[in-house]
Amino acid sequence: MSTNGQRVGTSALAQPLTRPSGGRVAAYLGLFLLGAVVGVAGALVQPGWFPGGLLLALAGAAGLFLGGARATESRAGAVAPAAGWMVAVVLLTASRPEGDFLFGAGVVSYLFLLGGMAVAVMCATLGQGRQSGATSARLAK
């Protein structure tokens, strides 16, 4: 066994599930809410200045997703704000009975939606997953 409770030489997928601590759950909930705020802010900024607003909105989302993964040292730290971002953006795309909506049916809106999803997937993939107890990449010395 290693110092973090994992058996040396076994895959992280073969390890038993552990319950997250209360602080970690609070961090994920905070990241979820922060993701929703960044989604609303990005939805308001992206149509303002065509290339700059879109790039600013996507860069803000990428910073939050990757920062959440690095702060919690897990991929779930990127998934939590991405889920909040997605919920906020999807709710903003729905039109109301009065006919009001926030997103127009333009190329920039679709780039924001698809680009944000792609950024979320990339940041969750790049997020730090569980590391094995090995100290080096070489198998034999």
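Quick note: the coordinates plus some simple rules give every number you see, no bench work behind them. None of these values were measured; they are calculated from a predicted model. Counting neighbours? That spans all protein chains shown, and the Cβs are built from the backbone with ideal geometry, glycine included.
Side notes on the structure shown:
- Burial order of peptide ranges 45-54, 82-91 (average beta-carbon count within 10 Å, highest first): 82-91, 45-54
- Difference of contour (0.36 nm per residue) and Cα-Cα distance, R70 to L114: 13.5 nm
- Placing dummy labels 7 Å off each Cα toward the beta-carbon, the span from V25 to V90 is 2.3 nm.
- Divided by 2.2 N^0.38 Å, where N counts the residues, the Cα radius of gyration of segment 21-126 comes to 1.07.
- Here V37 and V121 are evaluated by their C-beta separation; at R0 = 22 Å the FRET efficiency comes out at 0.60.
- Residues T93, T72 in ascending order of nearby Cβ atoms (within 10 Å, fewest first): T93, T72.
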